[in-house]
Each structure stands twice: as structure tokens, then as C-alpha cells.
1. Relative to the Cα centre, what is the charge dipole magnitude of the chain, using +1 at the beta carbon of each Lys and Arg, -1 at the beta carbon of each Asp and Glu, and rounding to the nearest 20 debye?
2. Does anyone have the angle between helix 48-75 and the longest principal axis of the chain? Alpha-carbon axes, 0 to 90°, nearest 10?
3. Determine the shape class of the range 6-79: with a ≥ b ≥ c the square roots of the Cα gyration tensor eigenvalues, call it rounded for a/c under 1.5, and otherwise prolate if a/b is greater than b/c, oblate otherwise.
4. Using a probe radius of 1.4 Å on heavy atoms only, what accessible surface per residue do you get for the chain? Whole Å² is fine.
5. Can you compute the helix-only [θ] at 222 nm over the chain? Use -39500 (n - 2.57) per DSSP H run of at least 4 residues, normalise by all residues, nearest 500 deg cm²/dmol.
6. For the chain, build the charge dipole from Cβ charges (+1 Lys, Arg; -1 Asp, Glu) around the Cα centre, then report which of Q50, F31, I11 sits farthest towards its positive end.
7. Counting only trypsin sites (Lys or Arg not before Pro) that are in a DSSP loop and have at most 16 other C-beta atoms within 10 Å, tell me the longest site-free stretch of the chain.
8. 7 Å from Cα along Cα→Cβ at both A35 and R52: what's the point-to-point distance in nm?
Amino acid sequence: MRRFLHSFKKISPGALAAVRIILLMCCGMAFAGFALCLAAGEPCAANYGQYRLAEALADTPAGVLLLAGIGLMIVEDPAAKG
């Protein structure tokens, strides 16, 4: 954990901006799923697709955040810089 925190303190400004954008995108997706659930109304066969979409929007941000975190760690790897 200390190694992770130490490497996170040395993150470049571009990568930090990417983290902020990804977090905003994930929060937006989660909120869109919530808003879609509210707008769909009573659960019935007519709005089944809306509820499936809302479920996908609620599940996806965790995966996006995980993949983005792994990608940023690979890009910011100090051993790869030379």
C-alpha cells in the first residue's frame, strides 16, 4: 500500500487530469443509471429494456475505473521510463 501511495504522489499532471476525467465519467454513468431508473416508472414488461440499461449503467463504472487505473499504472510505470 505504501508503494502504491508513493507512486500515486509522483503521478504526472496529464495522468492526474485523466484520473479526474475518468472519475467524472464514472460518476456520470452511475447517475445516468439512477436517473433512468427514476424515469422508467413502475417495473413492467413495457420498460424492461430501460431497467436493463440502467443496470448496465450501474455496473459499468466499476470496470471502467479498474481498467483505467491499470492502464494509468502501466503508462506511469517508473521502471519503463528508463
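1. With Lys and Arg at +1 and Asp and Glu at -1, about 560 debye.
2. 0 degrees
3. Taking the square roots of the gyration eigenvalues as a ≥ b ≥ c, the range 6-79 is prolate.
4. 77 Å²
5. Computed mean residue ellipticity for the chain: -27000 deg cm²/dmol.
6. Of the options given, the answer is I11.
7. 11-80
8. About 2.3 nm separates the two model spin labels.
The values are calculated or read from the model by the stated rules, or taken from the named source; none is laboratory data. Predicted model only: the values in this text are computed from it and were never measured. In this analysis, Cβ positions are derived from the backbone assuming ideal geometry, glycine residues included, and neighbour counts consider all displayed protein chains. Side chains included, ligands, DNA and RNA excluded: accessible areas come from the protein's heavy atoms. Shrake-Rupley method; radii C 1.70, N 1.55, O 1.52, S 1.80 Å.
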